[in-house]
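Notes for the one structure printed next.
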Amino acid sequence: MRTLIRLIPLFLFASISLAEITVPEDWLVLSPVDRRARQPFNPDAVFARYLLEPGKEQPKAGASVVGTRGERPWRWAKVDEKGQLGGRFSWAYATVTSDSDQVAIVTLRGGAVLYVNGVPHVGDIYGYGHEGVPVRLQKGANEVYVRGVRGKFKLAFREVNPGVHLSQRDATMPDAMADVALDAEGSITVVNTSDSMLHTIPAMGVRRLPVAVKLPILEQPGKQELELSPAMGLSSKFTIAVRSREDARRVTFRSDIDGSVQYYAVRAPERIGNGIGIVLTLHGAGVQALGQAKCYANKPDVWIVAPTNRRPYGFDWQDWGRLDAYEVLRHAATTTGADPRRVYLTGHSMGGHGTWHLAANDPSLWLGVAPCAGWESFDTYGSGGRSGGKWDELWRGADLAGATPLLMPNLAQLPVFILHGEEDKTVPVSEARRMFDALEKAGGKPRMHLEPNKGHWYDGDASKGADCVDWPGIFEMFDEQKIRGKAPRSISWVCADPGIDAVHHWVTVIQPLEYGKVCSVEGTWGDDGVVRVQTRNVRKLSIAAAQSKLVIDGQTLEDVRGRRCVRDENGWRVARGATGEKSPVLCGPFKRAFGNRFVLVYAASDPLARQRALYDAQRWWYVANGDCTVVSDAQFLFGNFADRNVILYGNADSNQAWKSVLPANCPLSVRNGAVEMNGKRHEGDDLSCFFVYPRRGSDSALVGVIGHTGDRGARAGAAVSIFGSGVGIPDYMIFGADVLTQGDAGVHAAGWFDHSWRLKP
């Protein structure tokens, strides 16, 4: 059955042709020569030699490249009968011939990044199946590099006409429910292959744009095929699933992170009424949220709610993956009518890690947690761990929320059920045993079940769902914790970052003394009308307890109810809220700038700034199923982007928006040829400077700067893995192109702004 439904888009489409551009069969490939770790900078001898100044030198068979892992030669390799190139290599090089200067759509399956004549484009390393991104080809030979191969890669180019192209394969759509009319939003991916901005889509850019999705009441479950209105000029079809009330189904919502439409999956309880809870379940790597929800049977009195982590791989439930989980929880609590005081957390594999991560950072939210086949942290699981280099402590401090062992006292307070297969070859059972032992040592009383003779994923007769997630013991423990009572009179809490979780029952940590290090609060709400608190590494906090007398670190303060307490060189005092200071809403580290519906603003006079902005938008779309506005500095100044976060590309000399969003007293300034930091100059044309700072004239918005002093500095900035999970980037860092060969040794300066956004002398 086919239904014609008007999906309401914001643009018109141009038709495209599907002519193929010949891709070489023979490639030069290079085995890995550099070590990679979860840190902001990874040495890359290939990029330093061939792409820092594109066209200066080309790879040749037999020529050696020397990196941190040793010396390797370029060698020839040939694609197989399917056009795929596989093997153990980190880079591949070839030339693609074009009959003319033209724009094409390129797909790179199984590769992370494609460089065409030095310009980066995002690849489809996880095989999501999107239809590609726009690329410029020049007449004659075009140099093509592929970096980061997952097994095998396949490259394909398609000629296109200028205009806007709609992707049929990469859409986010809701499901309908039988007997209920559907009135929701979805989103579709569009690509602009022209030289001009068309309908908010930047030239040569990619966006995810919302569409209204409406269905009348349909009585039977099944599938409905929706078409764009014929007036749009294309026959574009999308399938909407119609499901029964008992089935798992997709729900869509608008994200506050970037304004994009995201989805999550729910499975309804057997009954609807008062006291219904939510089990938030986090999927493993490569698993769709809908598939996660389908692994559970319907429960008597809890909703099964499965967020997406933004994509099936996403962010390991850290960074924006964690934010997605919380957005979904809020939306689900509102739309289902579930009791927000009755919330549980579980997850499998990567989602098991996410369970540890979310619970450790926000222990007061969850009534019970159950990691299944989960791993502790990036330090104990997987390849590419921390570097242990010169700046290692700083990078770790910028990802402090991922340091699960430091937060073990928080987990020890919770009812915990650990589930793992004894023969798990994907996530070793040692991860479960280590966490169990650590919880017991911290004073916790965890439960653990290790299923004999079972691996990473298993099922049996123990439950109606998949046994490796829908284990009866987990839900028995959840059922014992029916509802959250009053706030405890005694608390003990370790806070990794107030920007992630600032509130624990009746205490709010507003600022640490030293950023990048954990802070802690232990306190008692006394019957004698006094709150007694001991702190570590806390500069500012507030107490929500009814009492007005506070003894903090042995010092007595009066009339503290609802007011802020701040520590200075003379000890603690009651203070009014200071403007212009860091807060849980307005703070670093750097990644936090990519939130609050951020807009990317490039210097129109700087082609490399524009390239980087377009690539970051592509990367965000691919990794985060996201959308971001990309505009030039002039377009920004004439647009309406009030109170949104801004990402600036270029420098103070090239980007006209610089002065409009950064205050004059900002202690960092990037210019052509130099970075100025508190009056000190770092000179050179190869410098990059990343930092986060409050937006001028706003109480809620941040500015993230991706600045450079010259072309070499702009390209050197590609060494920074902004959207890599577990990669900590502090408030600021200045580095040169030598990070490509020396790693951390190429960093000139990095660290934290103080509580007033100042730099230490």
Against the conditions (1) hydrophobic (A, V, I, L, M, F, W, C); (2) modelled with pLDDT of 95 or more; (3) in contact with a Phe, Trp or Tyr (Cβ under 9 Å, 6 or more places away or on another chain), where does TRP391 fall short? Just the number, please.
(2)
Give the number of residues within segment 25-53 that are modelled with pLDDT of 90 or more, closer than 30 Å to ALA714 by Cα and not aliphatic (A, V, I, L, M).
11
Looking only at segment 400-433, which residues are buried (at least 20 other Cβ atoms within 10 Å of the Cβ) and among the acidic types (Asp, Glu)?
ASP424, GLU431
Every residue in segment 528-550 that is among the charged types (D, E, K, R) and in contact (Cβ under 8 Å) with a residue 12 or more places away in the chain, please.
ARG532, ARG536, ARG539, LYS540, LYS549
For the condition touching a residue at least 40 places away in the same chain (Cβ under 8 Å), buried (at least 19 other Cβ atoms within 10 Å of the Cβ) and over 25 Å from GLY717 (Cβ atoms), what is the one hit in LEU114, LEU85, LEU108?
LEU85
Please enumerate the residues belonging to segment 385-440 that are among the small types (Gly, Ala, Ser) and free of Cβ contacts under 8 Å to residues at least 40 places away in the same chain.
GLY388, ALA412, SER430, ALA438
Return yes or no: is VAL369 in the same structural domain as MET435 (by TED's automatic domain parsing), closer than 19 Å to ILE474 by Cβ and β-branched (Val, Ile, Thr)?
yes
Would you say VAL302 is within 17 Å of ASP479 (Cα to Cα) and among the hydrophobic types (A, V, I, L, M, F, W, C)?
yes
Can you pull out the residues in segment 564-592 that are farther than 27 Å from MET733 by Cα and among the aromatic types (Phe, Trp, Tyr)?
TRP572
Residues that are among the basic types (Lys, Arg) and assigned to a strand (DSSP E or B), drawn from segment 523-565:
ARG532, ARG536, ARG539, LYS540, LYS549, ARG564
All helices (runs of 4 or more DSSP H) inside segment 639-756 with 1 or more residues being under 28 Å from LYS390 (Cα atoms)
711-716, 739-742
Hey, PRO340 hits all of (1) more than 20 Å from the chain's Cα centre (by Cα); (2) at pLDDT 95 or above but one; which does it fall short on?
(2)
Scan segment 687-717 residue by residue and report those that are surrounded by fewer than 21 Cβ atoms within 10 Å (Cβ to Cβ) and farther than 11 Å from VAL646 by Cβ.
GLY697, ASP699, SER700, GLY710, ASP711, ARG712
Look at ALA289 and say whether it is without any contact (Cβ under 8 Å) to a residue 40 or more places away in the chain, closer than 23 Å to HIS130 by Cα and buried (at least 24 other Cβ atoms within 10 Å of the Cβ).
yes
Condition (residue is part of a strand (DSSP E or B) and either of a type outside the set (A, V, I, L, M, F, W, C) or farther than 30 Å from VAL190 by Cβ (or both)) applied to segment 597-607: is it met by at least one residue?
yes
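The values are calculated or read from the model by the stated rules, or taken from the named source; none is laboratory data. Since the structure is predicted, the reported quantities are computational estimates derived from the model, not experimental observations. Neighbour counts run over all protein chains shown; Cβ positions are idealised from the backbone, glycine included.
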